[in-house]
Structures are given as C-alpha cells and as structure tokens.
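Read through the structure below, which is laid out as structure tokens, and then see the notes.
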Amino acid sequence: MNNKSAWRKIIKDYFWVVIFAVFIVGSAFIKYEPGLQIYSNFEKFFVEMVSFLPLMFILIGLFDVWVPKETIERHVGHEGGLTGTFWIILLATLQAGPLYAAFPVAYILSKKGASPRNVFIYLGAFSCLKIPMLTFEISFLGLKFSMLRTLFSLPVFIIIGIIMENYLGRDYKVKQPAHLQKGGSKL
C-alpha cells in the first residue's frame, strides 16, 4: 500500500472523529455554547466509560476463565428452557451499569453456549429491568407504574428473543470481526 492510499484510508476511517474535533475546537474558539455543551457531555461520558470498562472487562475475563462452557450450556443454553430464561433475566436484573456494559457479557454468554433467545432476552432485560433502575423508577413514578411496565416489557423481550432465535437459527453465534480473529488489532 503506497503512502497516498494509506492516508486516504486513515482519513476515511477517522473522518467523523476529525470533524468532531474540528467542531469542538471551533466551538471553543468562537464560544459557541451548544458546541461547548456537546464537549462537556462527551467529556463526562468518556470519563465514565474509561473508568467503568476496564473493571467490566476484567470481570468478563474472569467469568470467561472460571465458568465452564458446559455450565452455561446446561443452564441457559438450548436445554435450559424456562429455567434458563429465568436465570438469564435474574442475571440481567442483578447487574448494574450502563447498557454498553451488557454487550461484552452477551458476547461471552453466546461464546459459552447460551441460546440466541436467551442472549437477546438478556439484552432486553438488562436495558430496562435492572434493580438499581427499577428502584429509581419506583421512587419517581410509583410501584404500580413500574410493575405494569415490567409486566408489559418482559413478555416483549421474551417474544423478541424467540423471534430472533427463529430468524438467526438455533446455532447462531456472534462472530469476532475478521481483523481480530487473526490475532490482534490493525489500528
């Protein structure tokens, strides 16, 4: 690959990052308030993510090493049935953290033999049935609202999980990107 095409690839890959940086620097220079607010929000989110993700990846790595594949297959795999669905919902409700933390866990569950149905149910339940979120919701909207929302949301996640498993197939597994399968990132 020659030097010119390498620069084109870099520009293509990082176009939006450069546009964002130029926008933020320009906003700071001309004191454009919406741009400064965007930067402030980005900075808060970035610090939260950088402080949270390393711990999350350590825990996922420990889960990957310590929990045998056979245990996951038996309890939340295809043979898990309704009990597996219960366990996956319980796992999702007991966890805390932002939604982006659910995706590495879902990947490990898929890799270890969880059924696609249960992986999708996990993602749905994690998105709105976490205990910390439910307690916050109850304090503002009341117990009745929270229970009704949960009773309506949970069957929807289960139906979506079943539909996705039928669509993707029972043996569907999440795949790593091709450049990571060959032993490392090519950044």
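The values are calculated or read from the model by the stated rules, or taken from the named source; none is laboratory data. Since the model is a prediction, treat every value here as computed from it, not as a measurement. Glycine gets a Cβ as well: all are built from the backbone with ideal geometry, and neighbour counts include every protein chain shown.
Contact list please: Cβ distance under 8 Å, first residue in the range 126-151 and assigned by TED's automatic domain parsing to the domain that holds Pro104, second residue part of a helix (DSSP H, G or I) and among the acidic types (Asp, Glu), pairs at least six apart or on different chains.
From the range 126-151, the pairs are Phe145/Glu137; Ser146/Glu137; Arg149/Glu137.
Let's see how each residue does on (1) over 19 Å from the mean Cα position of the chain (by Cα); (2) buried (at least 16 other Cβ atoms within 10 Å of the Cβ); (3) touching a residue at least 40 places away in the same chain (Cβ under 8 Å):
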residue: Tyr32; (1), (2), (3): yes, no, no
residue: Val47; (1), (2), (3): no, no, no
residue: Arg74; (1), (2), (3): yes, no, no
residue: Thr83; (1), (2), (3): yes, no, no
residue: Leu91; (1), (2), (3): no, yes, no
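Take the residues in the range 11-29 that are exposed (fewer than 10 other Cβ atoms within 10 Å of the Cβ) and more than 26 Å from Leu99 (Cβ to Cβ), then tell me which one is modelled with the highest pLDDT.
Our first condition is that a residue be exposed (fewer than 10 other Cβ atoms within 10 Å of the Cβ); within the range 11-29, this holds for 12, 16-17, 29.
Filter again for more than 26 Å from Leu99 (Cβ to Cβ), leaving 12, 29.
Working: Lys12: 84, Phe29: 94.
Within the range 11-29, the match that is modelled with the highest pLDDT is Phe29.
Quick one: Phe86 ticks every box in (1) at pLDDT 90 or above; (2) touching a helix residue (DSSP H, G or I) at 6+ places or on another chain (Cβ under 9 Å) bar one, so which box is it?
In the conditions (1) at pLDDT 90 or above; (2) touching a helix residue (DSSP H, G or I) at 6+ places or on another chain (Cβ under 9 Å), Phe86 misses (2) alone.
Using the structure shown, decide if Ala96 is among the small types (Gly, Ala, Ser), out of contact with any His (no Cβ under 7 Å at 6 or more places or on another chain) and in a loop (DSSP other than H, G, I, E, B).
Judged against the criteria, Ala96 is a match.
Please go through the range 49-72 and pick out each residue that is surrounded by 12 or more Cβ atoms within 10 Å (Cβ to Cβ) and either acidic (Asp, Glu) or outside any helix (DSSP H, G or I) (or both). Step through it out loud before you land on a result.
So the first thing to find is which residues in the range 49-72 are surrounded by 12 or more Cβ atoms within 10 Å (Cβ to Cβ), and the list is 49, 52-53, 56-57, 59-61, 63-64, 67, 69, 71-72.
Matches in the range 49-72: Asp64, Val67.
Run Ala96 past the list (1) more than 25 Å from Val50 (Cα to Cα); (2) touching a Lys or Arg at 6+ places or on another chain (Cβ under 7 Å) and report the number of the one that doesn't hold.
Against the list (1) more than 25 Å from Val50 (Cα to Cα); (2) touching a Lys or Arg at 6+ places or on another chain (Cβ under 7 Å), Ala96 comes up short only on (1).
Can Asn166 be described as of a type outside the set (Asp, Glu) and either farther than 20 Å from Gly97 by Cβ or touching a residue at least 60 places away in the same chain (Cβ under 8 Å) (or both)?
On the way: of a type outside the set (Asp, Glu): yes; either farther than 20 Å from Gly97 by Cβ or touching a residue at least 60 places away in the same chain (Cβ under 8 Å) (or both): yes.
Yes.
Does the range 111-133 hold any residues that are part of a helix (DSSP H, G or I) and surrounded by fewer than 20 Cβ atoms within 10 Å (Cβ to Cβ), and which are they? Show your work before the answer.
We begin by selecting, within the range 111-133, every residue part of a helix (DSSP H, G or I); these are 111, 116-128, 131-133.
Answer for the range 111-133, where residues must be part of a helix (DSSP H, G or I) and surrounded by fewer than 20 Cβ atoms within 10 Å (Cβ to Cβ): Lys111, Ser127, Cys128, Ile131, Pro132, Met133.
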